[in-house]
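Engineer: Quick one: structure below, then a few questions.
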Amino acid sequence: MFTDSSFTFVLFGGTGDLSMRKILPALYEAHRAGMLAESGKIVAVARHMEDRADYLEWVIEHVKPYVSKNGLDESAWAGFLERIQFVKLDLGKPEDFALLRDAVAGLPGIRVFYLATGPSLFVPICRALAAVGLNTNSRIVLEKPLGYDLKSSNAINDAVGEIFAEEQIYRIDHYLGKEPVQNLLALRFGNALFEPLWRREWVESIQITIAEELGVEARGDFYDNTGALRDMVQNHLLQLLSIVAMEPPHSMDSDSVRDEKLRVLRALKPIDPRDIGKVAVRGQYHSGVIRGTSVPAYATEPGVKANSNTETFVALKVEIENWRWAGVPFFLRTGKRLADRVAEIVVNFRAVPHSALGPTALRPGANRLVIRLQPNETIRLYCLAKQPGEGMNLASVHLDLAFDQFFREGQMEAYQRLLLDVINGRLALFVRRDEQEAAWRWVEPILNEWAAANKPPKPYAAGTWGPAASSAMLAQHGTYWLEEEN
Ligand code: BG6
């Protein structure tokens with residue numbers, strides 16, 4: 001994926017957490033791997049720094065430690081710093097944008113504006129860019145959260161859409177950049193083996209889990225106004241679901257892939273408010289112990305209201321109303337302060353119709369595909385095999401695709417892949433406006449119902465797998481979360 005597409009990458013929010021932890025380290029990695037055109041420049045924009053020297057000092061102090069985790073190549077690092085320029089700009093002063101226009105005037109290639117800022121700044125920044133003529137020959141990257149509900153997200157999209165064409169807008173969902181998600185596409189559409197089984201006749205249920213050990217960290221204030229449904233389900237989980245469930249696209253070009261994902265999002269069965277208790281579980285963590293360390297309750301985290309009703313855990317049963325998936329439950333789950341950090345997709349295939357080999361072959365989950373997104377990316381296919389020795393006793397065995405064994409080099413962090421895609425004009429892994437709207441449309445009735453009920457979320461102890469109601473929901477369908485298998 002080496003490229004000579006030259007670029008000027010303008011980073012708004014250049015001193016923010018995201019720039020420090022993800023964006024600049026990803027650009028460094030791309031630079032180190034020789035994937036950035038030599039002439040490409042990074043222009044950081046911030047208000048609180050005086051000049052480039054100040055900014056570089058900040059980068060060395062705050063970004064270098066993240067970069068060094070994977071071993072630092074000093075000469076690549078020095079070269080990376082040379083790419084960085086700086087513009088002191090107060091986002092509240094549209095007239096300051098003339099400084100930016102002058103700074104990028106002589107710089108090469110396509111201009112990428114990365115908005116690593118709060119969503120309330122998206123529209124003012126876009127307008128100020130347009131006012132100084134910077135909305136042509138350019139792309140704009142919008143970070144989540146893009147709005148708080150359908151209305152606010154539409155308002156942002158409408159306003160940004162007046163300035164940038166849809167093909168210039170890159171709405172980032174970093175889960176789409178994760179290597180195993182790409183591999184899921186390769187597995188499904190590059191092999192004849194799985195696709196015939198990938199349907200209601202052979203699939204009993206599907207689980208998608210994104211579990212975190214971390215709490216809300218320093219983001220208590222933001223999170224308390226957001227909650228897990230908006231923070232993780234509306235975007236990451238529904239995007240993963242749409243990749244798992246989509247029809248084979250005609251090609252991997254951006255609109256073919258996104259059209260198919262959109263069809264899935266539009267086919268999600270609307271949740272009937274009367275059923276919400278049966279198909280949706282919301283929880284909030286109390287104090288507990290994670291890996292031997294006591295952690296505090298959500299309601300005592302900095303920035304969180306003491307009587308907060310915000311959910312830090314969600315489990316949902318989702319159905320897709322189309323021929324391929326009718327009647328197959330998709331169980332989605334995400335939460336903070338859970339027992340383990342794991343993101344995975346579990347496809348449970350149906351048991352054999354008749355077992356001549358005893359009851360083991362009829363057990364649910366005898367054939368199962370587990371796509372582990374993190375940690376330890378693997379795709380694992382469970383089958384039954386005969387145990388050695390006398391008699392026909394079956395036991396579970398598995399075939400593993402452990403990427404790091406097959407491919408020792410070339411692994412890429414999600415942000416690195418996505419930033420290279422923006423620079424090179426590849427939109428397939430970015431969320432199109434209509435997808436985002438469809439996701440909000442589906443999620444909103446749940447949000448409304450929860451708000452109207454005004455009930456506290458179900459408590460769960462930190463370090464567990466969430467409220468018991470989450471397991472009970474699956475038990476009603478004769479299944480269980482993967483970690484509950486004994
Ligand atoms: C972000 C959420 O989008 O994803 C965070 O806002 C969450 O709350 C994060 O912690 C999880 O991402 P990852 O890649 O660490 O699983």
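Engineer: Can you tell which of 186, 192 is out of contact with any helix residue (DSSP H, G or I) (no Cβ under 7 Å at 6 or more places or on another chain), in a helix (DSSP H, G or I), of a type in the set (A, V, I, L, M, F, W, C) and open to solvent by 10 Å² or more (accessible area, probe 1.4 Å)?
Structural biologist: Result: 186 is the single residue among 186, 192 that is out of contact with any helix residue (DSSP H, G or I) (no Cβ under 7 Å at 6 or more places or on another chain), in a helix (DSSP H, G or I), of a type in the set (A, V, I, L, M, F, W, C) and open to solvent by 10 Å² or more (accessible area, probe 1.4 Å).
Engineer: Let me ask something else about it. With the condition being among the charged types (D, E, K, R), I'd like the helices (runs of 4 or more DSSP H) fully within the range 1-76 carrying at least 2 qualifying residues. Show your work before the answer.
Structural biologist: Working: elements: 24-32, 52-62, 64-68.
Per the criteria, 24-32, 52-62.
Engineer: Also: If a residue must be closer than 30 Å to residue 196 by Cβ, in contact with an Asp or Glu (Cβ under 9 Å, 6 or more places away or on another chain) and open to solvent by less than 10 Å² (accessible area, probe 1.4 Å), how many such residues does the range 308-341 contain?
Structural biologist: Going through the range 308-341 one residue at a time, the tally reaches 3.
Engineer: In contact with a Pro (Cβ under 9 Å, 6 or more places away or on another chain), closer than 19 Å to residue 331 by Cα, aromatic (Phe, Trp, Tyr) and open to solvent by less than 50 Å² (accessible area, probe 1.4 Å), is that true of residue 442?
Structural biologist: yes
Engineer: Pick from 411, 436, 405: which is among the polar types (S, T, N, Q) and without any contact (Cβ under 8 Å) to a residue 12 or more places away in the chain?
Structural biologist: 405 is the lone residue from the list that is among the polar types (S, T, N, Q) and without any contact (Cβ under 8 Å) to a residue 12 or more places away in the chain.
Engineer: Restricting to the range 161-183, name every residue that is of a type in the set (A, V, I, L, M), crowded, with 16+ Cβ neighbours inside 10 Å and outside any helix (DSSP H, G or I).
Structural biologist: The answer is 163, 169, 172.
Engineer: How about the range 83-99: which of its residues are in a helix (DSSP H, G or I) and within 31 Å of the chain's Cα centre (by Cα)?
Structural biologist: 83
Engineer: Select, from 259, 221, the only residue that is open to solvent by 30 Å² or more (accessible area, probe 1.4 Å), free of Cβ contacts under 8 Å to residues at least 24 places away in the same chain and among the acidic types (Asp, Glu).
Structural biologist: Criteria check complete, one pass: 259.
Engineer: So residue 232 passes all but one of these: (1) in a helix (DSSP H, G or I); (2) within 9 Å of the ligand (Cβ to nearest atom); (3) over 12 Å from the mean Cα position of the chain (by Cα); (4) not charged (D, E, K, R). Which condition number does it fail?
Structural biologist: (3)
Engineer: Within the group 281, 244, 257, which residue is of a type in the set (A, V, I, L, M) and assigned to a strand (DSSP E or B)?
Structural biologist: 281
Engineer: Is there a residue in the range 139-155 that is under 22 Å from residue 16 (Cα atoms), free of Cβ contacts under 8 Å to residues at least 60 places away in the same chain, surrounded by fewer than 18 Cβ atoms within 10 Å (Cβ to Cβ) and among the charged types (D, E, K, R)?
Structural biologist: Among the residues of the range 139-155, not one is under 22 Å from residue 16 (Cα atoms), free of Cβ contacts under 8 Å to residues at least 60 places away in the same chain, surrounded by fewer than 18 Cβ atoms within 10 Å (Cβ to Cβ) and among the charged types (D, E, K, R), which makes the answer no.
The values are calculated or read from the model by the stated rules, or taken from the named source; none is laboratory data. The model shown is predicted, which means the values in this text are computed figures rather than measured ones. Note: ideal-geometry Cβ built from the backbone for every residue, glycine included; neighbour counts use all protein chains shown. Accessible surface areas use protein heavy atoms only, side chains included; no ligands, DNA or RNA. Shrake-Rupley method; radii C 1.70, N 1.55, O 1.52, S 1.80 Å.
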